[in-house]
Amino acid sequence: MMQIESIILYSIKQLKSERTIYSVYHLLNGKKSSQTIQDAHLFSLKKFFGIYEQLSRESFDEIYQAMVEKNWLINKGDQRYSLTTSGMTLLENNPLPQYINGWNFHQITSLFWERLSLLIQVVSNLAFCESRYIPIQKNIDVHNWLKSTLKDITVPRLELGPALYSELNECFNTAKVIDPSLLVFRLTGYQQIGLTPLQVAAKVNLNIHNYQVEFTNILHYLIHKIMEEENQLKVLPYLFDELIQDDELTLSSRKTQKLLRQGHSPDIIAKLRHLKLSTIEDHLVELALNTTDFSIDTYVDRELQHEILEVSRQKASKQLKVIKEKIGAATYFQIRLVLAKHGDK
């Protein structure tokens, strides 16, 4: 299993040497910069956004440099890389994680796991009438969620254990190419302490990075499956109470959006919010990426939009500098805005 290497190889292939190797690192970390968010859209890499927030830069360096030494990647200069023939063959023979959905799930993955693991621990101890144990999760919000949830669940207390086991079993029975034991080994229950990520990785003979990615893949599978089967399940859907966000915009972009709707120009919004104009422009790019009804016609006329997209297509490039060199009349902000709105089509 080469999950992390496959993802890095695929991301580099998608980027076509138009971004540095560290754009892949920022993607995996889920960096909330306008550049990383836009790259995720432009290069069809949204599913990997924020899937490995724990990955350190040092570890990332070790991983990709090992890939260079194995002749899977070649340095093109300026921290840009492309795949060798060996790298392409490896990517073709090592499928990407099937259920990873970073863009939609990265903000809820950790909390989903905290809730699930605590729910299982509590229900397991309830089944054996055990009240003296140390909660596996320390997050007080998760404790409060569980107290409230146990009052709301309609399944009788004594039937909770079998019901939860049955629902999880049902979810995993239809899973393909995942190994539920990678999650089960982590679970704490009655007189049983779950293993740490490092312990599980050692037990199943995976390096820690590939284990972490596969663990996220399993969690994302479960999240999707529970959402899909919500009407058939009685316990697991409670994991999502007040967890799902309605949209993908950052809080700061929402504030800018509100002022735009009140009729203020970007310059005025920058002054009102005591922010640089470039920051407000970042927000406009984010709105173009995430809001279907957001029109960019106010900032870029239709003819210039068409011209920018045509140059991007002809040059087979999404590099701002390449497009700017061909269209001097367009600002970098206008190019970013057009690519954000239409560049992934």
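Only Lys, Arg, Asp and Glu carry charge here, each on its Cβ (+1 for the first two, -1 for the last two); on that basis the chain has a dipole of about 680 debye about its Cα centre. Relative to one another, the C-alpha centroids of the stretch 181-256 and the stretch 89-130 are positioned 2 Å apart. Along the charge dipole of the stretch 1-92, pointing to its positive end and built from +1/-1 on Cβ of Lys, Arg, Asp and Glu, which listed residue (56, 71, 45) has its Cα farthest out? The listed residue farthest towards the positive side: 45.
For residue 189, the residues 5 or more places off, or on other chains, whose built amide H falls under 5 Å of its own are 194. Distant-in-sequence amide contacts of residue 73, defined by a placed amide H-H separation under 5 Å and a gap of 5 or more residues or a different chain, comprise 68, 84. Along the chain, the exposed loop sites are GluC sites (Glu not before Pro) outside DSSP states H, G, I, E and B with at most 16 other Cβ atoms within 10 Å, and the longest stretch free of them is 131-228. Using a cutoff of 8 angstrom between alpha carbon atoms and counting only pairs six or more residues apart, the relative contact order for the stretch 183-239 works out to 20 percent. Derived scalar couplings between HN and Hα for the stretch 278-295 equal 4, 5, 5, 5, 4, 5, 5, 5, 5, 5, 5, 5, 10, 10, 4, 8, 7, 8 Hz in order, rounded to whole Hz, by the Karplus curve 6.51 cos²θ - 1.76 cosθ + 1.60 (θ = phi - 60°), x for Gly and Pro.
Comparing 140, 208, 37 in a Gaussian network model of the chain, where Cα atoms under 10 Å apart are tied by springs, the biggest mean-square fluctuation is seen for 140.
Converting phi to 3J(HN,Hα) with the Karplus coefficients 6.51, -1.76 and 1.60 and the offset θ = phi - 60°, the stretch 113-129 yields 5, 4, 5, 4, 5, 6, 4, 5, 4, 5, 5, 4, 6, 4, 4, 9, 6 Hz in sequence order, with x at every glycine or proline. Solvent-accessible area assigned to carbon and sulfur over the chain amounts to 50 percent, based on a 1.4 Å probe. The residues of the chain expose, per residue, 52 Å² of accessible area to a 1.4 Å probe. Whole-Hz Karplus values for the stretch 63-75 come out as 5, 6, 5, 5, 5, 5, 4, 7, 6, 9, 10, 10, 7 Hz, taken residue by residue from phi with 6.51 cos²θ - 1.76 cosθ + 1.60 and θ = phi - 60°; glycine and proline positions read x.
Cα centroids of the stretch 280-316 and the stretch 1-37: 23 Å apart.
If you build a Gaussian network model of the chain, linking Cα atoms that sit under 10 Å apart, which residue out of 141, 282, 39 swings the most? Maximum among the listed residues: 141. Short-range pairs are left out: with C-alpha atoms under 8 Å and at least six residues apart, the relative contact order of the chain is 18 percent. In a reduced charge model with +1 at each Lys and Arg Cβ and -1 at each Asp and Glu Cβ, the stretch 259-345 shows a dipole moment near 260 debye about its Cα centre. Listed options for Rg and Dmax of the Cα atoms in Å are [x] 23.3, 74; [y] 20.4, 69; [z] 23.7, 103. The value calculated from this structure is the one marked [x].
The values are calculated or read from the model by the stated rules, or taken from the named source; none is laboratory data. Being a predicted model, the structure only gives us computed values, none of them experimental. Heads up, the Cβs are rebuilt from the backbone with ideal geometry, glycines too, and the neighbour counts pull from every protein chain shown. Just so you know, the surface numbers come from the protein's heavy atoms only, side chains and all, with ligands and any DNA or RNA stripped out. Shrake-Rupley method; radii C 1.70, N 1.55, O 1.52, S 1.80 Å.
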